[in-house]
Amino acid sequence: MDDATGIWYKRYDTRKNQVNDEDHYSEKRNIRKIDTIVIHCADTPPGMDIGVTDIRRWHVEERGWSDIGYHFVVRLNGAVEPGRPVGRVGAHVAGHNKHSIGICYVGGADGVDTRTDAQKYALKHLVDELKKKFNVSNVMGHRDFEGVDKYCPSFDAKSEYS
């Protein structure tokens, strides 16, 4: 999983403060059918480095959700942090969460693609890994869903990853 920098995939459970890749991908938890990978942006300005802990706080404390809505968050340095366990239905595209995995990269404010080279690399490898693991070919940006009036993820994810 590690690339030359050794950081593209941070297998770290921020709720338990320990590495916990096994739990995130547990076969017992992954009983739902995954048919789509959805790319999002955090809508944060360039240079604002946040992660799963911050987004979880926004979703739980400010929106009243049970957990972070995304399954993965890609930080500015390319570190991939696991969010909601993949086996649990996410909360990232209304009406399309049951069979999808949500990935959010930090950045993308005002419809501008602010991905760093490290984020581009990490996103590509994470998407490729998930496509293979779940036999998925459909990758979409949040904006690609009918009825969504957002610029998220601030680039054409559908053409870049499909």
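Any read-out appearing in this document is the output of simple, stated calculations on the displayed coordinates, not a laboratory observation. Small disclaimer: the values here were computed from a predicted structure and weren't measured. So basically every Cβ, Gly included, is an ideal-geometry build from the backbone, and we count neighbours across all protein chains shown.
Of the chymotrypsin sites (Phe, Trp or Tyr not before Pro) found in segment 54-152, the ones in coil according to DSSP and having at most 15 other Cβ atoms within 10 Å of their Cβ are 65. Maximal additional length on extending the residue 67-residue 129 stretch stands at 20.0 nm, based on 0.36 nm per residue less the C-alpha distance. Using the Cβ of residue 127 as centre and a radius below 12 Å, the other residues enclosed give a net charge of +3, where K and R count +1 and D and E count -1.
A simple charge model with +1 on the Cβ of Lys and Arg, -1 on the Cβ of Asp and Glu and nothing else charged puts the dipole of segment 57-162 at about 360 debye relative to its Cα centre. Taken one residue at a time, the phi angles of segment 144-159 give Karplus couplings (6.51, -1.76, 1.60, θ = phi - 60°) of 7, 8, 4, x, 8, 10, 9, 8, 3, x, 6, 7, 8, 5, 4, 6 Hz. Gly and Pro are set to x. Shape verdict for segment 21-161, please, from the Cα gyration tensor: rounded (a/c under 1.5), prolate (a/b greater than b/c) or oblate. Here segment 21-161 falls in the rounded category. Taking amide H atoms as placed 1.01 Å from N in the peptide plane, the amide H of residue 41 lies under 5 Å from those of 105, each 5 or more residues away in sequence or on another chain. Of the GluC sites (Glu not before Pro) found in segment 104-162, the ones in coil according to DSSP and having at most 16 other Cβ atoms within 10 Å of their Cβ are 146. Using +1 at the Cβ of each Lys and Arg and -1 at the Cβ of each Asp and Glu in segment 93-162, identify which of 159, 102, 116 lies farthest towards the dipole's positive end. Projecting each Cα onto the dipole axis, the largest value belongs to 102.
Put simply, the amide H of residue 138, placed in the peptide plane, has neighbours under 5 Å in 37, leaving out anything fewer than 5 places away on its chain. Among the lysines of segment 21-161, pairs that are 8 or more positions apart or on different chains and have alpha carbons within less than 17 Å of each other number 15. In this structure the amide hydrogen of residue 73, modeled in the peptide plane, comes within under 5 Å of the amide hydrogens of 81, 83, 104, none closer than 5 places in sequence on its chain. Under the simplified labelling scheme, the residue 159-residue 112 pair shows an inter-label distance of 2.2 nm, with each label point 7 Å from Cα along Cα→Cβ.
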